[in-house]
Structures are given as structure tokens and as C-alpha cells.
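First the structure, in the form of C-alpha cells, and then the observations on it.
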Amino acid sequence: MKVELNRVDEAFHFEATGASGIAVNIDAGENIGGHNAGARPMELLLMGLGGCTSIDLILILKKQRQPLEDLKLVIEGERVKIEGTEMSPFRKINIHFVFKGNLDQNKVEKAIALSMEKYCSATAQLACSSEITHSFEINE
């Protein structure tokens, strides 16, 4: 896998592209001289995790013939500063899934477990350094 970042301005704004060719804007906050013109790098990590597990869930639920109407995720990450550095990696991440549809709760639980434990590469990557928990609700 390869991505490219190209600097857009004199500060911290970058345009990133991967194999898909779709641009993603990355920037720093105004408090350090950014222009708030893109997502923060740490936000992108959580977004990547959410996107990865969402794709898994949609595919699994389709195979289970579950009538998924919509899916929303709320992901919260708790960062802890490493003493003697400026690094603040995620140490705890919670994913709250909000499903919409006439779904079987047991099948949803199984789909989440499969994604978290077997399919989602982003989960595998982040689980090495963060405790990842999840919860869900089903709205009809």
C-alpha cells in the first residue's frame, strides 16, 4: 500500500491520496498555526477504524440476509501522553454502533465479533496499543 501527501499551503495543510485517487485533506488546528482545512491525523486513525469495521459489518449482515437500513458509528478515543515525549497515543477506544433495521440481535452481535476478532485489519493494528471496546443498539 502506498499513499502520497502533498503540501497545500505554507502551514500544515496536506492533500493525501492513495490507490483510489480520492483526495483527503489533512491539517492542524488553528492553535498551532493550521487553517482547520482538513481532518487531524489522529481523527483519521479513528475514521479508518470505523470505516474498516463498517465495511465488514455490512458485508457480514448481507451474507446473514439481515435487512440493514442504516449504520452509524460513534467512536471515542482516549489519549494518554507518554512521559518525556509529546506523543499522546490512543490507549482506549470505544465504538458505539447504531444499527437501523429489523435485525436479529444475535446476528448483529456475531457480526460485530467477527469484524473485531477476525476481519478488521484496523482493529488488529490499533489493538496492539489500545483497549478497544464496543457497544451497539438497534433501532427499527
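The values are calculated or read from the model by the stated rules, or taken from the named source; none is laboratory data. For clarity, every value in this text was computed on a predicted model and none was experimentally measured. Positions of Cβ are backbone-derived with ideal geometry, glycine not excepted, and every protein chain shown enters the neighbour counts. The accessibility values were calculated without ligands, DNA or RNA, using every heavy atom of the protein model including side chains. Shrake-Rupley method; radii C 1.70, N 1.55, O 1.52, S 1.80 Å.
Worth pointing out:
- For Q105, neighbours were defined as the other residues whose beta-carbon sits under 13 Å from its Cβ, and their charges (Lys and Arg +1, Asp and Glu -1) total -2.
- Net +/- balance of residues flanking L5 in space, Cβ distance below 12 Å, scoring K and R +1, D and E -1: -1
- Taking all protein chains into account, the per residue accessible area for the chain stands at 66 Å² (1.4 Å probe).
- Carbon and sulfur %, accessible surface of the chain computed with the full protein complex present, 1.4 Å: 52
- Percentage relative contact order, the chain, counting C-alpha pairs under 8 Å, at least six apart: 18
- For the chain, the Stokes-Einstein estimate of translational diffusion at 37 °C and a viscosity of 0.692 mPa s comes to 195 µm²/s, using the Kirkwood hydrodynamic radius over alpha-carbon pairs.
- Solvent-accessible area of E15 with every protein chain in place, 1.4 Å probe, in Å² to the nearest 10: 80
- With Cα atoms, 0 to 90° folded angle of helix 105-114 axis to the chain main axis: 40
- Accessible area per residue was computed with a 1.4 Å probe on protein heavy atoms; H134 scores about 90 Å².
- Theoretical gain in end-to-end length, I82 to E137 [0.36 nm per residue, Cα-Cα removed]: 16.4 nm
- L5 versus K100: modelled label distance in nm, points set 7 Å from Cα along the beta carbon direction: 3.5
- Derived scalar couplings ³J(HN,Hα) [the stretch 8-21; Karplus, 6.51 cos²θ - 1.76 cosθ + 1.60; whole Hz; x for Gly, Pro]: 9, 9, 6, 9, 10, 7, 10, 10, 10, 9, x, 4, 6, x
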